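Scroll down for the structure; my scribbles are underneath it.
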Amino acid sequence: MRLTMFALAAGLAFQATAHAQAGQPVVTEAPLRAHLSFLADDLFEGRGTGQRGGLLAVRYLETQAAAIGLKPLADGTYRQSVKIEGTKLLPGSALSFDIAGKTVTPKVGEEILIGTMSGKQDVAIDAPLVFVGYGAEAPEEKWDDYKGLDVKGKVLVMMVNDPQPTLDEPNRFAGKAYTYYGRWLYKFEEAVRRGAAGALLIHTTPSASYPWSVPANGFGHERFHLKGKGNPVEGWLQEDTARSLFAAAGFDLDKLRAAAERRDFKPVDLNTRVHGQLRSSVRQIEEFNVAGIVPGTDARLKEQAVIYSAHWDHMGMDEASAADRTKPVDNGQHDHIYNGAIDNASGTAALLVMAAEAVKHPAKRTQVFLWPAAEEQGLLGAAAYVQNPAWPLDKTTADLNLDSMNFVGKTSDIGVAGAERSSLYEASGAVAKKMGLTLAPAIPDLSGAFFRADHFVFAKAGIPAFNVGSAVFSGDGHFTFVKDLEASRAKLVAFKKDYHQVTDEYRPQWDLSGMVQQAQFTLNLGYYVANAPAMQTWKAGEAFGKVKRAK
């Protein structure tokens, strides 16, 4: 009888397993919470780039990928090397401005921020200063701030954000929303492309969408970039400092800024020379993206792939506590570890759970699960992947990114900001409808959120991509929470004070039903894309659709 009952139970268990295998992939909370709480633990020391905690995170992810059953990369591992340079400005570095026979030396940290991405420990500079407006060349907008000027060997000073809309052109540069031309990263990149000696950005809180403390914090610590050519000198100027420098040179900053709002603007030589010496510590670092593959089942479509991505890194430990891990906590409340529970242990954990389901339920197209490194340092891991992709870019149909997920509770809608640029919007609508959800209303991207997460690197490479859910990135709590609407929205808005702070820590009382919902939606969307008859496409007129993918 016992043998008969055992055989019957075993048979029922086998049938149940077989049924689950044949069914749809289902994201569950228990493993998601377990991965999240562990990755955000102090043991991982904030998963910092160039720090021990980052190496621990990579080791954890690759072992989990193997345990889940993801296929490794072509070299038999789950790691992809990311070569990075770390640079930190040393005391005594300064820039001075020779203006009308006088020398002005702004105070580093308070009035000016400076650094180098040249990879050199010592950088000497003596170059003319030129105002180039917004520093943008945008053919689709018929806009060129350089007007053919050779800026090699010159230091460029420019405004952040985009040329603003006018009554005649309310939609130029996406209206009041940010475009990539407005991002600080584009402006520094453009200076490198043109061979400038340096680039300085004029900071205002409205134009940058964040206070001076944000770039000051970044420039006050070690900064990272992919190994290779960078700006000899780059940094920021406080608005009042820039105004004083311009006035000393005989120019009115506000008048020049007004002129820069017109297409006929031409660069202005400020009759000023910049000189100084930058001393930096420079180190070479090898970080790693982690990636695993679920091969497709269709004889033809398996040659194409959909990527799910979520960066594993955060900001690590501050230098003092990294050197002395016994350093006491502040007032017994918080340590010196930037745990990054929401940003982005949440997305990292969700991808692990999604991957475990995908292994059990292969799709027609191949599915690639990617955990990029060094997102917090300028999307470096994603950039390294695009330079050396595990799957051909021209055969990659989409990237679905998860970053800073919903920790508040279930919603009746889902954020898809950025999807409207491609056919992923219609795909999202179909998936949302099937799940009983609506698409959250579009809001203007006033802070450039579309350009601040890993999916943007794939978009720049011509691959339809967006950050799925975008609950925390929205920042205003406008999603429709199922329970306690106003209180739930308030919780989401309150996270602003924890963003990139040591207080972004895991809390056992979090309601992760919304995070599970967001992960399930992303996985469902991935399957919709992976099983679709055709690859995803950009909307007509979308600039990213004009990018020719690498063969």
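Some observations on this one:
- Sub-6 Å Cβ pairs linking a first residue in the range 497-511 that is in contact (Cβ under 8 Å) with a residue 12 or more places away in the chain to a second residue that is crowded, with 18+ Cβ neighbours inside 10 Å and of a type in the set (A, V, I, L, M, F, W, C), at least 6 apart or interchain, are Asp504/Ala341; Asp504/Ile342; Glu505/Ala341; Tyr506/Ala40; Tyr506/Ala341; Trp510/Phe407, ordered by first then second residue.
- When Glu141 is tested against (1) of a type outside the set (Val, Ile, Thr); (2) at pLDDT 95 or above; (3) touching a Phe, Trp or Tyr at 6+ places or on another chain (Cβ under 9 Å), just one condition goes unmet, and that condition is (2).
- Options Pro211, Pro215, Pro165; residue that is assigned to a loop (DSSP other than H, G, I, E, B) and either within 24 Å of Thr116 (Cα to Cα) or among the polar types (S, T, N, Q) (or both): Pro211
- Any pair with Cβ under 8 angstrom, 6 or more apart, that starts in the range 165-193 at a residue that is assigned by TED's automatic domain parsing to the domain that holds Leu446 and ends at one that is in a helix (DSSP H, G or I): none
- Residue ID - nearest to the chain's Cα centre (by Cα), chosen from residues in the range 119-142 that are farther than 24 Å from Phe246 by Cα and in a strand (DSSP E or B): Ala138
- Failed condition for Pro206, given (1) farther than 17 Å from Ala259 by Cβ; (2) in contact with a Leu (Cβ under 6 Å, 6 or more places away or on another chain): (2)
- Some residue of the range 418-432 being farther than 24 Å from Tyr527 by Cβ and surrounded by fewer than 19 Cβ atoms within 10 Å (Cβ to Cβ): no
- Residue among Glu286, Glu234 that is of a type in the set (Asp, Glu), modelled with pLDDT of 95 or more, part of a strand (DSSP E or B) and surrounded by fewer than 15 Cβ atoms within 10 Å (Cβ to Cβ): Glu286
- If you filter the range 176-191 down to residues that are assigned to a helix (DSSP H, G or I) and at pLDDT below 95, you find that the one that is surrounded by the most Cβ atoms within 10 Å (Cβ to Cβ) is Gly182.
- Boolean, Leu278 is at pLDDT 95 or above and either within 26 Å of the chain's Cα centre (by Cα) or in the same structural domain as Gln520 (by TED's automatic domain parsing) (or both): no
- Complete set of residues in the range 43-79 that are surrounded by fewer than 24 Cβ atoms within 10 Å (Cβ to Cβ) and on the phi > 0 side of the Ramachandran plot: Gly50, Gly69, Gly76
- Set Glu376, Glu357: member being modelled with pLDDT under 95 and in the same structural domain as Gln304 (by TED's automatic domain parsing): Glu376
- Filtered by the rule that a residue be within 22 Å of the chain's Cα centre (by Cα), in a strand (DSSP E or B) and not hydrophobic (A, V, I, L, M, F, W, C), the range 359-411 gives Gln367, Thr396, Thr397, Asp399, Asn401.
- Subset of the range 271-319 that is in contact with a strand residue (DSSP E or B) (Cβ under 8 Å, 6 or more places away or on another chain) and among the basic types (Lys, Arg) - its residue that is nearest to Ala534 (Cα to Cα): Lys302
- Ala136 surrounded by 19 or more Cβ atoms within 10 Å (Cβ to Cβ) and not polar (S, T, N, Q): yes
The values are calculated or read from the model by the stated rules, or taken from the named source; none is laboratory data. Source: prediction; values computed, not measured. Quick reminder, even Gly has a Cβ in these numbers, built from the backbone with ideal geometry, and neighbours come from all protein chains shown.
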